[in-house]
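Some notes on the structure that comes next.
The values are calculated or read from the model by the stated rules, or taken from the named source; none is laboratory data. Keep in mind it's a predicted model, so treat the numbers as computed, not measured. A quick note on method: Cβ atoms are made from the backbone with ideal geometry, for glycine too, and the neighbour counts reach across all protein chains shown.
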Amino acid sequence: MTKILIADDEKLIRAGIRKILSDALDETVSFMEARNGSEAYEICQKELPDVMITDIRMPGMDGLELMKHVSVLAQKPAIIVLSGFDDFSYAKTAIDNGVIAYILKPVDEKELLQVMEKALNSVHRDAKKENEERLRSFISEGHLSEDITFDAAQFAKEGMYCVALCSTLCNCSDGAFLNGVSHYIIEQKRGYMLFLVSQNSLDLLISNPALSQCAMGISPLSKNISDLRHITQEAFVALLQRFFAPESHGVFRFPENHTLPDFTELDTNYDKVIANIDLLNEEEVRKAVKKFLDFDALEECDYAQCLFYAYNKIINGLLKRYPKFHPSDTYLYLKGLMIENITHVATLKEWKTYVLDYILYLLELLRSQQGKYAYVTKAIAYISQHYKEDITMATVANYVSMNYTWFSEKFKEQMGVNFNDYLKRFRMEQAKLLLGKGTYKVYEVAEKCGFKDVKHFMKTFREMNGMSAGEWSRLHSGAGV
């Protein structure tokens, strides 16, 4: 419901404006009236009107003073100013301070309606942007704000699809094709958009000739806004099907009744990639990367889901694993961006090349830093084999036959983090792998990954990942992607 406040010391003017608007506006409106600036300001504080129509000359607090007070409120209404001819200079000052428009008295009905349409469009745009921000926050943080408006909740209730759209052949990212289509934009960048669209608008979108050269991934229909995380992932996975189709553009739908693939082999191959990077074994790294990104042996229906899983392993694992180099090294950082922007590449082969280039360059950086400290490489190998055990830096320093203090200093110098942080991070990565399978209790994961105190594990997990271990498990094992 839209709230409109009319502030004027003349009762007949307030009544006249109210009558014009109530007869003409299609949407449901709640009207409030104020006889002066003080009353209007109090209403703005308590009722949070969407639009305020105010006269400039009123007893007590006048319109200009009212606007100054309202301008500092956390939630400000769109303002329309009423003024007499002699008040033009004041009206101009008001407009310079951000009001929508001013209307000269006596009020012209047509002009009032035109200005009100402009104000309501501004209000609706602002509300839409706020809802989009809340929806994005829900996707990233898992918390759905209670402030989300009825419009967004009703949008979901009536049925919505999530659509992932990409193209290098047309300017789909400007969003012009969404004019007149009920939607909420979740992500938008050059050549790519992720958005929600109403159930009734999907066919219109698919048949739009402006999108004929685009690839479109579509989630299953949802009528619950709490499904947002799932359907955004499903739309993205559907879009990845373009890499396995004869044509790179077209409409790709996420299957209604899909089966979650077994990602065990992908996890194993990824671990081999990381282990051989840490061991500086280029030949084995090349083999491990090739095997990790080889989807040919998979059943056709699993291609896109497995690619999405591998993509996330790289984005959330590999690209964050070596903070000493990424993003401080410009070349490595740019290569990482190319990997992240998988929607920009024409073929899967091209994207795989970016991944291998990134890893081989990273390997060179690590080799140049660690080459003269072979014992660090040996220590890392020991950690990867014994992280489940109760090992300490003293244990590992003794294993590599190094002085404790010297080992501590050189390990941090070469790896960018101290020994304890590296061990904790390594154990945490293994824990996330197990949680993602959805088959282990939290206390079992803690025990399997070398955390002897489950409460400490749960606290550490939240600090490092921004959510609880249980939430991570539900997010990464229950979405079907």
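Go through region 248-278 and give me each residue that's at pLDDT 85 or above, among the β-branched types (Val, Ile, Thr) and not in a helix (DSSP H, G or I).
Scanning region 248-278 gives a single hit, Val251.
From Ala310, Ala297, Ala304, which residue is assigned by TED's automatic domain parsing to the domain that holds Glu364 and farther than 24 Å from Trp472 by Cα?
After ruling out the rest, the residue left standing is Ala297.
Please go through region 132-176 and give me each residue that is of a type in the set (Phe, Trp, Tyr) and either within 19 Å of the chain's Cα centre (by Cα) or at pLDDT 70 or above (or both), ordered by number.
Passing the criteria: Phe138, Phe155, Tyr161.
Given the residues Tyr382, Tyr361, Tyr333, which is the only one that is part of a helix (DSSP H, G or I) and touching a Pro at 6+ places or on another chain (Cβ under 7 Å)?
Tyr333
With the requirement that a residue be aliphatic (A, V, I, L, M) and surrounded by fewer than 19 Cβ atoms within 10 Å (Cβ to Cβ), what does region 226-246 give you?
Once the filter is applied, which keeps residues that are aliphatic (A, V, I, L, M) and surrounded by fewer than 19 Cβ atoms within 10 Å (Cβ to Cβ), region 226-246 yields only Ala245.
Mind listing just one residue for me: the one in region 280-316 that is touching a helix residue (DSSP H, G or I) at 6+ places or on another chain (Cβ under 6 Å), outside any helix (DSSP H, G or I) and at pLDDT below 90 and, of those, nearest to Leu365 (Cα to Cα)?
Leu280
For a quick check of your reading of the model, give me the residue pairs whose first member lies in region 430-457 and is closer than 22 Å to Tyr270 by Cα and touching a residue at least 60 places away in the same chain (Cβ under 8 Å), whose second is assigned to a loop (DSSP other than H, G, I, E, B) and among the charged types (D, E, K, R), with beta-carbon atoms closer than 6 Å and at least 6 apart or on different chains.
The qualifying pairs are Gly450/Lys388.
Could you tell me how many of the residues in region 12-47 are more than 16 Å from Val115 (Cα to Cα) and free of Cβ contacts under 8 Å to residues at least 12 places away in the same chain?
4
Restricting attention to region 307-366, which residues are of a type in the set (A, V, I, L, M, F, W, C) and farther than 26 Å from Ala215 by Cα? Show your work before the answer.
In the first step, residues of region 307-366 are kept if they are of a type in the set (A, V, I, L, M, F, W, C); the result is 307-308, 310, 314-315, 318-319, 325, 332, 334, 337-339, 342, 345-346, 348, 351, 355-356, 359-360, 362-363, 365-366.
Hits for region 307-366 are Leu318, Leu319, Phe325, Leu332, Ile359, Leu360, Leu362, Leu363, Leu365, Leu366.
Within 16 Å of Thr353 (Cα to Cα), among the basic types (Lys, Arg) and exposed (fewer than 15 other Cβ atoms within 10 Å of the Cβ): does that describe Lys290?
It is true that Lys290 is within 16 Å of Thr353 (Cα to Cα), among the basic types (Lys, Arg) and exposed (fewer than 15 other Cβ atoms within 10 Å of the Cβ).
Does Ile383 fit the bill of being surrounded by 13 or more Cβ atoms within 10 Å (Cβ to Cβ) and either among the basic types (Lys, Arg) or touching a residue at least 60 places away in the same chain (Cβ under 8 Å) (or both)?
no
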